[in-house]
Amino acid sequence: KIFVDGKPIGGAEEKVYLMLYKPRGYVTTMKDEHGRKTVADLVRGCGARVVPVGRLDYNSEGLLLLTNDGDLLNALTHPRHEVENIPKLAEPMEIDGYSIRPATVVTIDRDEISAKLRLTIHEGRNRQIRKMCEKCGLEVRRLKRVAMGTMPLDPHLKSGAWRELTNDEIAYLQDIAADVQENL
């Protein structure tokens, strides 16, 4: 605690929790040494310094959470947590020397030359879905995260837009974080 003339200054920063619909063509970082557009550009007006919870690669789009709540961020990104991010393929697989847990795969639509799949993963390795598909001889044309666990991307958010999380959404994430901390 810091006091000036006996009065406390500063104090706990108000916690901010955002849901962003990340468009393709943005880097999931707050600053890019190559001058590319970042998710920080999209949330600049949120009133706080927030950081992404996990990643979506440059060519991926969809749900991305951002917060300044360090405890929640650490719990949700800890390797032992099991928040479902989205895509994964149905068999055990090794990616970059690491054995990943099997994915749940649902075919949504299919024709002779392409398919629309819904994949659910429990980890978030670098470019995991793209690497899994490549390993299976599949070409990814579009990748979109539609939910994290049971929290869906807000259907009213347009690409590049964000909103603050509701109290229920924050409570959901805090419950997950508490479970992770209990199991460490």
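The values are calculated or read from the model by the stated rules, or taken from the named source; none is laboratory data. Please read these numbers as outputs of a predicted model, since none were measured by experiment. So basically every Cβ, Gly included, is an ideal-geometry build from the backbone, and we count neighbours across all protein chains shown. These area figures cover heavy atoms from the full protein model, side chains too; ligands, DNA and RNA do not enter into them. Shrake-Rupley method; radii C 1.70, N 1.55, O 1.52, S 1.80 Å.
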Just for strands (runs of 3 or more DSSP E) wholly inside the range 96-184: which have at least 1 residues that are touching a helix residue (DSSP H, G or I) at 6+ places or on another chain (Cβ under 9 Å) and either over 28 Å from Leu42 (Cβ atoms) or at pLDDT 85 or above (or both)?
98-100, 143-145, 162-164
Could you give every pair whose Cβ atoms fall below 6 Å, whose first residue belongs to the range 31-55 and is closer than 21 Å to Asp71 by Cα and assigned to a loop (DSSP other than H, G, I, E, B), and whose second residue is open to solvent by less than 100 Å² (accessible area, probe 1.4 Å) and among the aromatic types (Phe, Trp, Tyr), counting only separations of at least 6 or pairs across chains?
Val43/Trp162
If I filter the range 54-78 down to residues being farther than 19 Å from Ser159 by Cβ and not polar (S, T, N, Q), which single residue comes out as most open to solvent (accessible area, probe 1.4 Å)?
Asp71
Of all residues in the range 130-184, count the ones that are of a type in the set (Phe, Trp, Tyr) and in contact with a Phe, Trp or Tyr (Cβ under 8 Å, 6 or more places away or on another chain).
1
Residues satisfying the stated conditions in the range 1-30, i.e. charged (D, E, K, R) and either modelled with pLDDT of 90 or more or within 18 Å of Asp71 (Cα to Cα) (or both):
Glu13, Glu14, Lys15, Lys22, Arg24
Looking only at the range 18-29, decide whether some residue is farther than 21 Å from Ser159 by Cβ, in a loop (DSSP other than H, G, I, E, B) and open to solvent by 30 Å² or more (accessible area, probe 1.4 Å).
no
Residue hits (the range 113-153; under 19 Å from Glu94 (Cβ atoms), crowded, with 18+ Cβ neighbours inside 10 Å and of a type in the set (A, V, I, L, M)) are Leu119, Ile121, Ile129, Met132
Just one listed residue, out of Gly149, Gly124, is under 23 Å from Lys15 (Cβ atoms), in contact with a Gly (Cβ under 7 Å, 6 or more places away or on another chain) and not aromatic (Phe, Trp, Tyr), and it is Gly124
